[in-house]
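Each remark here refers to the structure printed beneath this line.
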Amino acid sequence: MQIFLDTADMDALKKFSRTGLIDGVTTNPSIIAHSGRDLKKTIGAICALIKGPVSAEVAACTADHMIHEAKVLRAIAENVVIKIPLTPEGLLACAALSAENIETNVTLCFSANQALLAAKAGATYISPFIGRLDDLGQDGMELIHDIRDIYDNYGFATQILAASIRSTAHVKQSAMAGADVVTIPPKIFEQLYHHPLTDKGLAAFEKDWAGTGQSIIE
Ligand code: G3P
């Protein structure tokens, strides 16, 4: 499973890109607004740092306008993926961009039928929002399982990009459900490394090793 960071925080991206474990980045209009930075400059800076796919979202509502915006965003860098909302106009734009071999990430997916339509429109990625379904008392992870089954039934190449991830449990469950990608906030990425027994075990090893008085490097 690939791991993307769901952020426009350049400090976090610099910090975690050096792990070699980050395969791409996703952004959305809210993330850009919260960053307080210019969209195009920010996407350019992210693409210079991360060589994998970087999702930048269109703002328009009509297919023609979305396609126009997509061309502007794609001109920023080769690894820009065009993020498009799951609307009838969005899927028209998705199909047109897909026909031009421009990668797309269809976002705001909340049902298996929506994911089916996105795959038929040639989406490169589908972004089901797990946390927002959980917020409504629904089971967001069930949607990942359903989409996996449907895509496998028909051999759709569209990759399932689990989004709106709120916990490390969501990451594990997405991996077990067969998501192709998970996009996560930096703080959840950092939490993936940690377990209290790792910290406790390491403290004991360090103490015992110090007691031996030995040194590996003479
Ligand atoms: O990038 C889309 C998605 O990950 C949004 O997450 O936490 O705003 O529901 P959230």
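The values are calculated or read from the model by the stated rules, or taken from the named source; none is laboratory data. These numbers were taken from a predicted model, which means no experiment stands behind them. Glycine also receives a Cβ, built like all others from the backbone with ideal geometry; neighbour counts cover every protein chain displayed. Note: areas computed on protein heavy atoms with side chains; ligands, DNA, RNA excluded. Shrake-Rupley method; radii C 1.70, N 1.55, O 1.52, S 1.80 Å.
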So for the chain, averaging the separation of alpha carbon pairs under 8 Å that are six or more residues apart and normalising by length, what relative contact order in percent results?
17 percent
What is the set of long-range amide H partners of C109 at a cut-off below 5 Å, with H atoms built 1.01 Å from backbone N?
S127, F129
If you rank K207, K14 by how much accessible surface each has, with a 1.4 Å probe, what is the order from largest down?
K207, K14
So how far apart, in nm, are the two label points at M10 and W209 if each is 7 Å from Cα heading toward Cβ?
3.7 nm
Using a 1.4 Å probe, how large is the accessible area of H194, given in Å² and rounded to the nearest 10?
120 Å²
Whenever you get a sec, line up L21, L13 from highest to lowest accessible area (probe 1.4 Å, protein heavy atoms).
L21, L13
222 nm mean residue ellipticity, helices alone, for the chain (DSSP H n ≥ 4; -39,500 (n - 2.57); rounded to 500):
-15500 deg cm²/dmol
Going Cα to Cα from K41, which aspartates and glutamates come in below 19 Å? Please leave out same-chain ones fewer than 8 positions away.
D6, D9, D11, E57, E69, E78
Scalar couplings 3J(HN,Hα) for the stretch 205-215 by Karplus 6.51 cos²θ - 1.76 cosθ + 1.60 (θ = phi - 60°), nearest whole Hz, x for Gly and Pro, are 4, 5, 5, 5, 5, 4, x, 6, x, 7, 9
Putting +1 on Lys and Arg Cβ atoms and -1 on Asp and Glu Cβ atoms, find which of L143, I50, A95 reaches farthest to the positive end of the dipole of the chain.
I50
Taking only the alpha-carbon positions of the stretch 18-125 and ignoring solvent, what does the Debye formula give for the base-10 log of I(q)/I(0) at q = 0.24 Å⁻¹?
-1.34
Grab every C-alpha pair in the chain, bin the distances at 5 angstrom width from 0 up to the longest one, and report whole percents.
1, 7, 15, 17, 18, 15, 10, 5, 3, 3, 3, 2, 1, 0, 0
As a test question: what accessible area, to the nearest 10 Å², does R132 have when a 1.4 Å probe is rolled over all protein chains in place?
110 Å²
Obtain the nm distance between the two label points defined at K172 and R18 by a simple spin-label model: each point lies 7 Å from its Cα along the Cα-to-C-beta direction.
3.0 nm
List the GluC sites (Glu not before Pro) within the stretch 63-154 that fall in a DSSP loop (any state other than H, G, I, E or B) and whose Cβ has at most 15 other Cβ atoms within 10 Å.
E78, E100
If R₀ is 35 angstrom, what is the calculated FRET efficiency for the pair A75 and Q191, using the beta carbon separation as r and rounding to 0.05?
0.45
